[in-house]
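Reviewing the structure listed below.
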Amino acid sequence: MTFVKKRKDVIFQRGRYFLFKNNRFAALSAVFFILLAACSSVPEEPGEIEGIEEIETGDTRETATAAGKDPAEPPQENGELPVSAFGEVWGYLVSGREDAFRSDMPLTDIGYFGAEVDIYGKLTDVPNPRNVRDFGGRIHMVAACNGRALSHFVLAEGSPERRALIADLLRAAKNFDGLQIDFENIPERDGRPFLSFLAELRAGLSGKLFTIALPARIRALKDDVYDYVKIKPLVDRILVMAYDEHWSGSRPGPVASMDWCRRVAEYSLEVVGREKLIMGLPFYGRAWGHISPSRAYIYSGIQTIIDENSVQDIRRENGVPSFDYDVTVSVKVYYEDDYSLSARMEMYRSMGVRAVGFWRIGQEIPAIWDLIQLVDNNG
């Protein structure tokens with residue numbers, strides 16, 4: 001059954017970006033705001049670059065432009081948006097930002113973010129699930145490990161650091177309904193240790209829900225650390241992070257274009273299956289400026305800036321020369337609103353996806369919660 005609700009007015013939200021073309025100060029402020037808001041587990045983020053196919057060997061994330069058949073027909077942009085029905089709706093919540101959560105949000109699961117592996121391999125910053133005691137669904141501790149060298153260090157089979165980390169994770173997970181692993185920078189040669197690490201955690205969780213967040217794929221990759229087929233038997237759910245197709249270091253483009261998301265969902269449904277798949281959606285946007293002056297300069301580079309910008313006022317601060325100059329920055333912005341999120345959800349729903357998850361609560365346009373309904377997965 002398809003449900004329909006009147007769309008809320010978001011003209012202001014769209015219109016504010018028009019100022020970028022005429023106000024460089026607003027542009028620079030918006031760049032900082034949007035990039036800051038997009039920080040996540042998810043982290044400095046490779047993804048898909050328009051126009052080419054390649055593998056980002058830096059963190060093993062696949063990149064590829066969408067091709068082939070057209071995506072599902074989107075809803076009327078100026079009409080009514082459908083209410084999308086899913087059996088599970090996950091939302092990530094960051095510790096310290098619990099005020100962004102409302103108990104009436106149509107969520108079945110919260111991925112509670114904050115637990116991380118420190119430089120010594122110890123688990124730190126475990127959030128307290130009592131901080132969201134008003135939530136009636138399941139709360140999962142999300143454990144992140146950022147950094148390739150650190151991941152290699154804690155995954156080494158037989159090491160005391162690995163044994164201690166597994167013990168820490170199992171101990172902390174006792175206060176939650178489940179555990180989610182979000183290790184996004186695993187070196188290419190650590191695929192086998194990662195699988196055995198997951199197997200040990202699953203064996204020790206005593207029936208709690210065990211899930212994992214994995215980068216998006218549109219096909220199988222050779223020697224992939226995040227091989228969906230190998231990981232699937234070891235976990236109860238796989239959340240596919242279908243975002244950061246374009247990231248802060250790429251050319252401008254959508255965080256998650258519709259056709260790319262369709263291809264990710266097609267592959268995920270094929271190899272993961274409906275029962276274990278959660279399709280991740282972004283609430284955030286990104287901005288790109290055509291220039292960025294934030295860098296180190298040699299003397300000749302500084303002199304070029306002075307000459308090209310006709311700098312006259314060079315002053316000294318305790319003997320160190322300094323000057324100011326103004327430039328006009330052209331900024332390109334891609335972001336998510338209720339329309340784009342609705343179109344993506346309806347595409348997933350029509351493909352047979354039963355569960356979706358959002359990064360993250362507090363970044364969304366509020367109207368999105370009116371466009372989601374929970375249903376029985378077996379219905």
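Every number in this text was worked out from the coordinates using simple rules, so none of it is lab data. Model, not experiment: these values are computed from the prediction. A quick note on method: Cβ atoms are made from the backbone with ideal geometry, for glycine too, and the neighbour counts reach across all protein chains shown.
Other residues lying with their Cβ under 15 Å from the Cβ of V132 contribute a combined charge of 0, Lys and Arg counting +1, Asp and Glu -1. Only one residue of V271, F283, M345 has its Cα farthest out toward the positive end of the dipole of the stretch 239-379, where Lys and Arg carry +1 and Asp and Glu -1 on Cβ, and that residue is V271.
Among E270, E88, which comes first, then next, by fewest other beta-carbon atoms within 10 Å? Please list the in-between numbers first.
Details: E270 11, E88 19.
Exposure proxy ranking, most exposed first: E270, E88.
When you filter the trypsin sites (Lys or Arg not before Pro) in the stretch 304-371 for DSSP loop state and at most 15 other Cβ atoms inside 10 Å of their Cβ, nothing is left.
For H140, H152, H290, what ranking results if the residue with the fewest other Cβ atoms within 10 Å of its Cβ goes first? Intermediate results must be reported in sequence, preceding the final value.
On the way: H140 25, H152 15, H290 10.
Listing H140, H152, H290 from fewest to most nearby Cβ atoms yields H290, H152, H140.
Between A149 and R130, the contour length at 0.36 nm per residue exceeds the Cα-Cα span by 3.5 nm. Take every DSSP beta bridge with both residues inside the stretch 101-246 and express the antiparallel ones as a percent of the total, to the nearest 5. Counting only bridges with both partners in the stretch 101-246, antiparallel ones make up about 10 percent. Pairs to check: K208/K230; K208/K276; K122/K208; K222/K332; K174/K276. Give those whose C-alpha atoms are more than 24 Å from each other in this structure. From K208/K230; K208/K276; K122/K208; K222/K332; K174/K276, over 24 Å: K222/K332.
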